[in-house]
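No value in this document is a laboratory result; all are computed from the given coordinates. For clarity, every value in this text was computed on a predicted model and none was experimentally measured. Here Cβ is always computed from backbone atoms with ideal geometry, including for glycine, and neighbour counts include all displayed protein chains.
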Amino acid sequence: MTDAGVPTDQPDNDSDDPSDDLSPAMVGAPVGTPRKPPGRLRRLLRRIPFPRPRSRRGAFVLFVLVAGFGSALTVGAVATIAYTDSVAFCGTCHTMAPEMKGYEISAHRNVACVECHTEPGLAGWFKAKLNGTRQLIEVVAGTFPTPIPAPDHDLLPSAEVTCKRCHNVGPLLAGGGPIRLVLHDRYALDPPNTRQSVALVVRPNGFGSGGPAIGVHWHVESDVEYLSPDPRAQEIDYVSVRRSDGSFEEFIASGSVTQSDNVSVDVSSLANKLTPRRMDCIDCHNRVGHELPTVSAAIDAQITAGQVSTALPSIKQQAVERLSLTYASLEAADQSIAGLRYFYTTNYPLVARDRAAEIESTIASLQTTYRLIATPEMGVAAGTYPNNIGHQDAPGCFRCHDGAHYKIVAGKVTNETIPAQCSTCHTFPQIGQYESGVLIGQRPATHDGRLWVFDHKLSVATADPTGQACGACHTRTYCENCHATTAINVSHDEMVTNHAAVIRTSGAQACAYCHAPAYCAQCHADPVMPLGPAGTGARPLLPDIDRPVANSP
């Protein structure tokens, strides 16, 4: 500094331009303000031989650096985005374990997640990424729900841009659609684990009658709308159908009717509270990419493959019960399944002694199966995610075809319902130790009466059709489908006025052979229909003394 207070013009050792040492805050600072010494990083950067951008060489180098950095950033961003669209990324989070199990054994295991879960276009991509970011935050914060709920129907892309991109519905509609034979083995819940062959034909309604045949896929050909209080449509209160010929029909669930002769009020009330949805592929194929086998089906497959021995008495019953329970952890599940050792030691000591190796291999196989159908850490057990295909293990078809959705005509409820007979979609199942002939044509006119199921005993002498007119179409196995069950013991003469006493005598399971739970729910507020192989649920009801609990041997 001079005596006048003007700074001396002494160059810095690191630069020929003293202004380089001035921070933006010091530009235009009052005369006499001391300069801040250059930082260590600045001094280091000055020692790098970097040409000034004012020269051509400097401008070229700067361009190369910026272009290189931008290219690397672009390539990295594209690679990152591509990875976030991959199956590997979707399955990274442990919360997706149940979904990945089903995906890896499904027919769509070679289809990327985004092809079904992301709408096409930039808007769909942003929507999916925002939803994924929200889920990522939940995982990091530990606030994700258990189990992870199935996606809301309204949040999924339209079937027009997903399913129909690959699947042509034309062949499914032509002539009523294809005919498919369903044939598989199942094993009874009795001590000998009796093998039963199940055979039926899924075919269009009206096939063989000479008239038009209507297949199950008519639902997506016509304009079918419904109202449901459940985001996943497990309960349907109202259905309307507008066909291509202009005809219109509407049906309402019995539980939604308050006044049968003026049901328009109930329909308006439902319409004001609920959003109408048009039926599409995923209303029935809701688990198409993530379907897991039911407990009973998984065990049947293991028995057929020889991994579970039918030489172990009641193994099917015990396996179904133990794998159907909800456990807090895999260790607890393993302990319960390993309790089969105690079961056979206590109830079948000779079996426990002579077949110890088979018991051990069965335990190991069932423990592996449990890891497929359940994920305890995510709160997922057998049946957590209902499958709408069929009606054996979840309501499925019975959400509408339950005999309790009544047709509305001129604002009044009629006695006509949405078709609910077995023959609407498939032949009557043939169940027995041996396969029998499967009938796919129309029933004779004599069989069309509503009471034929009760009155046919007046036309035949015995349950064996051999040597009788029935034998022209039916085999003994067909007749045994009913006559070998408790259903024939039900007396319907006093059913309306005193059916409680009849059921106590026959057992509620007998009713489940013909009636769906919704049939009883028309009058009963509480569930009265048992779930089981003859009803609409997967797990049979066993006496409490035979039912294992999660922490017991």
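Dimensions of the stretch 221-379 from C-alpha coordinates, computed as largest minus smallest value along each principal axis and given longest first, are 70, 32, 29 Å. Along the axis of the charge dipole computed for the stretch 212-330 (Cβ charges of +1 for Lys and Arg, -1 for Asp and Glu, origin at the Cα centre), the listed residues Val257, Thr275, Ala298 are led at the positive end by Ala298.
Only Cα pairs under 8 Å and at least 6 apart count here; give the relative contact order of the stretch 292-380 as a rounded whole percent.
Details: 72 pairs, mean separation 34.4, N = 89.
Answer for the stretch 292-380 is 39 percent.
Divide the volume of the convex hull around the Cα atoms of the stretch 268-313 by the residue count and you get 137 Å³ per residue. Volume per residue for the stretch 98-171 equals 117 cubic angstrom (convex hull of Cα atoms). With N the number of residues in the stretch 124-209, Rg(Cα) / (2.2 N^0.38 Å) evaluates to 1.86. Prolate is the label for the stretch 56-100. Its Cα gyration tensor axes, ordered a ≥ b ≥ c, give a/c of at least 1.5 and a/b above b/c.
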